[in-house]
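Reading through the structure tokens given below for one structure.
The values are calculated or read from the model by the stated rules, or taken from the named source; none is laboratory data. Bear in mind that the values here come from a model prediction, so they are computed numbers and not experimental data. Glycine gets a Cβ as well: all are built from the backbone with ideal geometry, and neighbour counts include every protein chain shown. To get the accessible areas, we keep the full protein, side chains included, count just its heavy atoms, and leave off ligands, DNA and RNA. Shrake-Rupley method; radii C 1.70, N 1.55, O 1.52, S 1.80 Å.
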Amino acid sequence: MREDIERILFTEAEMKQRVDELGAELTRDFGDKNPMFLGVLKGCFVFMADLIRRFDAPCTMDFMAVSSYGSGTSSTGAVKITKDLSQDIHGRHVIIVEDILDTGITLSYLKKYLQNRAPASITICTMFDKPERREVNIQADYCGFSIPNAFVVGYGLDYDEKYRNFPDLGILKEEVYR
Ligand code: PRP
């Protein structure tokens, strides 16, 4: 895998340190609220597994899976839920856990969808943010790293379903996806 990587943006150790900080912040802010961590599959699974083990208080967790309609270049905001919640979120403090916030279309849709189920609050926690790519007005409440507009893989992020298991976050060589 490493031969397909142009440059490492963050090492496993750097990301671990940042996740430790995020876990401490979330424990400070939600430690007495029994929050529900809601992971958005598939990309979230590595970050989610690391983050919840740094949350030092009672909590529950659930997962949803979503996919964009059409080619993925659509900016219609049309998102399809392929796996729904399995728990009631009424009155709960929901912390959405994402690997990456890009155009914002997915999270914008998801936030509205969840708001209809009357949670006590909705908070967005993303490991990576690409602010340059934003198409809708949405921001993360907690963010690991802001990153440039480059094709990144690893730490759960894929290209064609590959590289999710790459332990660092790297920029993929252009020749791999061109
Ligand atoms: C990624 C990521 C977010 C979404 C963000 O998922 O996990 O859910 O894209 O993009 P947006 O801000 O432009 O909506 P992807 O569709 O690549 O699926 P995956 O999680 O299964 O890799």
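Using a Förster radius of 30 Å, what is the FRET efficiency between Glu12 and Lys33 based on their Cβ-Cβ separation? Nearest 0.05, please. Here the calculated transfer efficiency is 0.50. Relative to the longest principal axis of the Cα atoms of the chain, the long axis of helix 12-30 makes an angle of roughly 20 degrees.
Taking amide H as placed 1.01 Å from N in the peptide plane, the amide H of Phe10 sits under 5 Å from that of Leu169, each at least 5 places away or on another chain.
Using the Stokes-Einstein relation with a Kirkwood hydrodynamic radius computed over Cα pairs, the translational diffusion coefficient of the range 2-177 at 20 °C and a viscosity of 1.002 mPa s comes to 129 µm²/s. Legend: residues Glu25, Glu14, sorted from most to least accessible area (1.4 Å probe; ligands, DNA and RNA excluded), read Glu14, Glu25. For Phe128, the residues whose modelled amide H falls within less than 5 Å of its own, excluding neighbours fewer than 5 places apart on the same chain, are Ile100, Leu101, Gly144, Phe145. Entry note, the chain: relative contact order of 25 percent, from Cα contacts under 8 Å with a spacing of 6+ residues. The packing ranking of peptides 145-157, 104-116, 51-63, highest mean first, is 145-157, 104-116, 51-63, where packing means the average number of other beta carbon atoms within 10 angstrom of each residue. Sorting Arg2, Arg178 by accessible area puts them as Arg178, Arg2; the probe is 1.4 Å, largest comes first, and only protein heavy atoms count. Probing with 1.4 Å while keeping every protein chain in the model, the per residue accessible area of the chain equals 51 Å². Helix content alone sets the calculated 222 nm mean residue ellipticity of the chain: runs of n ≥ 4 DSSP H residues at -39500 (n - 2.57) each, divided across all residues, give -7000 deg cm²/dmol. Any chance you could count the Lys pairs in the chain whose alpha carbons are under 17 Å apart, treating pairs 8 or more apart or on different chains as valid? Within the chain, the lysine pair count is 8.
FRET efficiency for the Asn137 to Tyr177 pair, using the beta carbon distance and R₀ = 30 Å, is estimated at 0.55. If R0 is taken as 22 Å, the Cβ-Cβ distance between Met61 and Ser121 corresponds to a FRET efficiency of 0.85. Element breakdown for the chain at a 1.4 angstrom probe: carbon and sulfur atoms account for 46% of the accessible area.
Taking every DSSP beta bridge that has both ends in the chain, the antiparallel portion is near 35%.
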